[in-house]
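The values are calculated or read from the model by the stated rules, or taken from the named source; none is laboratory data. Keep in mind that this is a model prediction, so the values were computed, not measured. Every residue, glycine as well, gets a Cβ built from its backbone with ideal geometry; the counts of neighbours run over all protein chains shown.
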Amino acid sequence: MADRRLQVFHAVAKHLSFTRAADALFMTQPAVTFQIKQLEEQYSTRLFERRHGSISLTPAGELVLSYAEKILALSDEMETRLGEMTGEMRGPLLVGASTTIAEFMLPRVLGEFNALYPQVRARLIVANSESIESRVAEHTLDVGLIEAPAKIAGLNSQICCEDELQVICAPDYPLAGMASVTAKSLVEYEYISREPGSGTREITDAYFRDNDVPVERLKTQMELGSPEALKGVVATGLGFAIVSRAVVAKEVQLGALAAVPLKPALTRDLYLVYPQDRFQSRLTSTFIDFTKSKLREMVL
């Protein structure tokens, strides 16, 4: 097991924030600060420059970070390999997922995986696709599930399932009850969009452009950072949104929201991403195979 102070240092160095590192590690900020102070005292040097409410790595900090990444990766590999030698699936598993996948698809997957392998310590990080991809590339996540293929060099992308996106609106909104709706017809209605960096935003923008509708022509009322926020605003009747069918299955069944298919249909592939240049344990490869199988079952 790697030194806890090194784990804390790595988190602070990656986030360049004591507060965000504390949140990621489920620690208090004073506890994080104390661990860094101990590490700096041990090596008699400052690892971070602190100025004007921000921090940056010193040259010594840069050196420690380069070794910390190697040490932490080897520590995780050792623990996983030992588990494999004893025939037991065990060890840490750091999973990142975009908001839609994390909130509406992954809980069931992680629950069933934990039931099969109770010695695995899975931890889920939720962010938009762009952020998850970056963290996998930085090796602070073992695997990520995102809504578009990876753009960063050095990452593998595997399609895990296909997902359909549909228009959603309040039951009394003018679009409700239509058999289908085209991109061009949506220009006449108020649009509630996901935020830039979201995989859903990226694919819906591309869909409008591919169907000869410049995104600038849309009556965008607001940009929101989560599917739950979209559903809440749309339910007030302010406009329509475009989300994964899985996101609104419950609300549509209860009659709280209406879903209208797009014509032509808008589908996307969901991707598993992981580093090309890093040891892939049996635990990670088992989780990847398990997740692909379960997600395909869920979207059928």
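Within region 81-96, does at least one residue satisfy the condition of being polar (S, T, N, Q) and part of a strand (DSSP E or B)?
no
Among (1) in contact with a Lys or Arg (Cβ under 8 Å, 6 or more places away or on another chain); (2) closer than 20 Å to residue 180 by Cα; (3) outside any loop (DSSP other than H, G, I, E, B), where does residue 213 come up short?
Of the numbered conditions (1) in contact with a Lys or Arg (Cβ under 8 Å, 6 or more places away or on another chain); (2) closer than 20 Å to residue 180 by Cα; (3) outside any loop (DSSP other than H, G, I, E, B), the odd one out for residue 213 is (3).
Quick check: is even one residue across region 246-259 β-branched (Val, Ile, Thr), assigned to a strand (DSSP E or B), closer than 20 Å to residue 183 by Cβ and modelled with pLDDT of 90 or more? If you could, list the steps in order and put the result at the bottom.
Of all residues in region 246-259, those β-branched (Val, Ile, Thr) come to 247-248, 252.
Filter again for assigned to a strand (DSSP E or B), leaving none.
The answer is no; no qualifying residue exists.
Residue 242 - would you say it is buried (at least 17 other Cβ atoms within 10 Å of the Cβ), touching a residue at least 24 places away in the same chain (Cβ under 8 Å) and over 18 Å from residue 94 (Cα atoms)?
Values: buried (at least 17 other Cβ atoms within 10 Å of the Cβ): yes; touching a residue at least 24 places away in the same chain (Cβ under 8 Å): yes; over 18 Å from residue 94 (Cα atoms): yes.
Judged against the criteria, residue 242 is a match.
Mind checking which residues of region 21-41 are in contact with a helix residue (DSSP H, G or I) (Cβ under 8 Å, 6 or more places away or on another chain) and either over 27 Å from residue 121 (Cβ atoms) or in a helix (DSSP H, G or I) (or both)? Full working, then the answer.
We begin by selecting, within region 21-41, every residue in contact with a helix residue (DSSP H, G or I) (Cβ under 8 Å, 6 or more places away or on another chain); these are 21-22, 24-25, 27-29, 31-33, 35-36, 38-39.
Of everything in region 21-41, those that are in contact with a helix residue (DSSP H, G or I) (Cβ under 8 Å, 6 or more places away or on another chain) and either over 27 Å from residue 121 (Cβ atoms) or in a helix (DSSP H, G or I) (or both) turn out to be 21, 22, 24, 25, 29, 31, 32, 33, 35, 36, 38, 39.
All but one of (1) surrounded by fewer than 17 Cβ atoms within 10 Å (Cβ to Cβ); (2) not in a loop (DSSP other than H, G, I, E, B) hold for residue 272, so report the exception by its number.
(1)
Please verify whether region 158-168 includes one or more residues that are in contact with an Asp or Glu (Cβ under 7 Å, 6 or more places away or on another chain), touching a residue at least 24 places away in the same chain (Cβ under 8 Å) and under 30 Å from residue 255 (Cβ atoms).
First pass over region 158-168, keeping only residues in contact with an Asp or Glu (Cβ under 7 Å, 6 or more places away or on another chain): 159, 162.
Add one more test, that the residue is touching a residue at least 24 places away in the same chain (Cβ under 8 Å), and what stays is 159, 162.
Those left that are additionally under 30 Å from residue 255 (Cβ atoms): 162.
The answer is yes, given that some residue of region 158-168 is in contact with an Asp or Glu (Cβ under 7 Å, 6 or more places away or on another chain), touching a residue at least 24 places away in the same chain (Cβ under 8 Å) and under 30 Å from residue 255 (Cβ atoms).
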